[in-house]
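Got a structure here, written out as structure tokens. Questions coming.
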Amino acid sequence: MAGGSAGLALERGQWTAAQGFNPCRPLVRVELDGDDGLELYVSPGAAEVVGETRRAERAWNWVGAIPHWIYFTELRRWPERWHHVVVWLSLPGMLLAATGLIIGVWQLFLNRSRSIPYRTFWMRWHHILGLAVGVITLTWIFSGLMSMNPFSVFSPRGATANEQRRRSGQEVAAQLSPAAALRLAAPLKVRELETLRFNGQAWYRLRGVDGSLLVRADSFAAAGGADPASARIGLRADSSNRWQRLLLKATVATKADLAEVKAEIKAAVAEVQAETKAAVAEVKANTKAAIAEAKNAIIA
């Protein structure tokens with residue numbers, strides 16, 4: 001490519017209609033010489049190329065993505081309206097395609113003497129091609145509809161207010177001062193401090209360059225109920241629930257604490273496995289004794 005045409009300024013084009021280009025507008029389109037028809041889209045403000053298209057890509061898009069999602073420039077200027085147009089046109093389109101398929105399949109069973117209910121050549125092939133194209137059309141429209149996340153069916157659901165209350169527990173205020181929490185977090189270089197509640201307890205979550213820590217912040221910690229090491233790593237010292245204690249402790253991001261958590265979890269799993277093996281052996285022994293007793297009773 002030895003050269004190219006002079007840049008053409010454009011605010012929005014077919015290949016730059018996406019909202020991601022908005023911070024870079026207005027753009028300049030530069031057509032370069034060459035067999036592939038390369039076009040560059042340059043942002044004068046950013047002084048960089050922000051997009052490119054080739055002739056083959058543009059041609060395939062006109063028979064693929066553009067009709068599939070109704071990607072026309074003027075309509076894409078209004079994202080919300082474009083979304084509603086695609087969704088509300090897809091629904092009747094799917095209904096018509098599905099209706100045609102149902103009727104076409106139903107006609108296959110009208111005449112038991114032959115699979116295709118038409119005698120003439122063109123009518124028979126019209127029926128066969130109609131069924132094949134109907135399947136393609138239905139799936140094509142359906143895939144386009146689902147890609148638009150219609151009616152927010154694929155949007156992630158956040159926790160409800162009731163679920164948040166159950167997770168947080170009863171209302172509790174932080175008694176430990178942020179300065180004390182920072183001292184407990186040393187040597188972590190804290191950049192952010194956040195207050196949170198979990199299971200009726202108050203905590204500080206401290207984030208730094210090297211990781212994050214949980215620090216107990218309610219009256220239990222303020223009264224000195226937890227030693228500094230336990231408070232620093234978020235260890236619930238008054239908890240008899242071993243797994244809850246490990247869960248809280250696992251939120252620590254330092255390598256030493258994570259290694260300790262892994263070791264405790266491994267020991268807990270080994271203990272559970274040993275208890276399970278002992279219980280299974282006991283069941284087997286009892287079963288064997290019961291069978292032997294039953295045999296002796298039968299012989300007697």
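Every number here is computed from the coordinates shown, using simple stated rules; none is lab data. In this text, all values refer to a predicted model and were calculated from it rather than measured experimentally. Cβ sites come from the backbone with ideal geometry, for glycine too, and all protein chains shown count toward neighbours.
Please grab the % of Cα pairs in segment 49-203 that end up more than 29 Å from each other.
58 percent
Need the C-alpha centroid separation for segment 40-58 versus segment 16-32, integer Å.
The distance from the Cα centre of segment 40-58 to that of segment 16-32 comes to 7 Å.
Which peptide among 170-176, 282-288 comes first, and what is the full order, when sorted by highest mean count of other Cβ atoms within 10 Å? Don't jump to the answer; show the numbers that get you there.
Working: 170-176: 14.7, 282-288: 10.0.
Output ranking for 170-176, 282-288: 170-176, 282-288.
Measure out, as a whole number of angstrom, how far apart the alpha-carbon centroids of segment 102-177 and segment 272-300 sit.
A separation of 54 Å, based on Cα centres.
While we're on this one: All other residues with a Cβ under 14 Å from the Cβ of T195 taken together, and with Lys, Arg as +1 and Asp, Glu as -1, what is their net charge?
Summing Lys and Arg as +1 and Asp and Glu as -1 gives 0.
How would you rank 275-281, 134-140, 180-186, 74-80, highest first, on the average number of other Cβ atoms within 10 Å across their residues?
Per-residue Cβ counts within 10 Å, averaged per peptide and sorted highest first, yield 180-186, 134-140, 74-80, 275-281.
So, one more: Given segment 1-89, what whole percent of its Cα pairs are spread farther than 16 Å?
Numbers: 2284 of 3916 pairs.
Of all Cα-Cα distances in segment 1-89, 58 percent exceed 16 Å.
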